[in-house]
Structures are given as C-alpha cells and as structure tokens.
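Please treat every number below as a calculation from the coordinates, not as lab data. Only a predicted model underlies this, so the values are computations on that prediction, with no experimental measurement involved. Every residue, glycine among them, receives a Cβ derived from its backbone with ideal geometry; neighbour counts consider all protein chains shown.
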Amino acid sequence: MRQSITTRYLGPTNSRGSRIKATARKASHGLPAQALTVPYGYGSTDEEHCKGAKALADKLGWSGLWVGGGNVDENGYVYVNIANPESWGLMASSGSLGVEGRDWFHISSNN
C-alpha cells in the first residue's frame, strides 16, 4: 500500500531555528514512526516543504514522482506518489505538475 508524506512547519524556539517536519507514519501499533526534521532554508514555503518531503522519501528509499499540495487542515502539505511512471515525463515537460522542487519532486528507482 502506498503512503503519503505530510509536512508541517515548526517555528523557532530558544534553542532551535525554524524547521520542516516530514512524516510518513506516526508511531502506532508497535510500528516505528517514519519521520524526519530538516532545517528551514531560504527557499519559498512551497520549496522548503518539498525539500522536507523529498529528504524523507530519500531516507526511506522510496522512488517515483511525488506531487504535493496543501493538506485538509491547512497546517502543512501532503505529497502523494503517482503510480503511472509512463506519464511522468509528459506531465513534467508539459508543466501540468507545476514547478519541480516546489510542487513536485522525482527520485529515480536506482538511487
């Protein structure tokens, strides 16, 4: 079963700067959490959330085309994997997915 990646912004504290937390699964039913926190950089909000999601997908060894958008709670983003690899190139080159690194990212399966 495919999983989504959700991201959310964590504001600065007295000891840490701003960060993006990417989560694929919360710890439950004896299963470990699949999450990663990355520093908030100098890109746009969209770019920073995309970087966080890509970092988690890389860490988990996931590949494919991931497309993101705002989540239902309006407190972050959600990224889903597109299952039809034949359409990746066409969608990416046509611009119908938006901008790479902001609206979507791709991880090749030979990483």
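Observations, loosely collected:
- Our summary gives segment 1-70 a relative contact order of 25 percent, counting only alpha carbon pairs under 8 angstrom and 6 or more residues apart.
- Added length on full extension, which subtracts the Cα-Cα distance from 0.36 nm per residue, Asp73 to Asn14: 18.6 nm
- Net charge contributed by nearby residues that have their C-beta within less than 14 Å of Arg19 (K/R +1, D/E -1): +3
- Taking a sphere under 13 Å around the Cβ of Phe105 and counting the other residues whose Cβ falls inside, with K and R at +1 and D and E at -1, yields a net charge of -3.
- 12 Å beta-carbon shell around Asp46, net charge (K/R +1, D/E -1): -2
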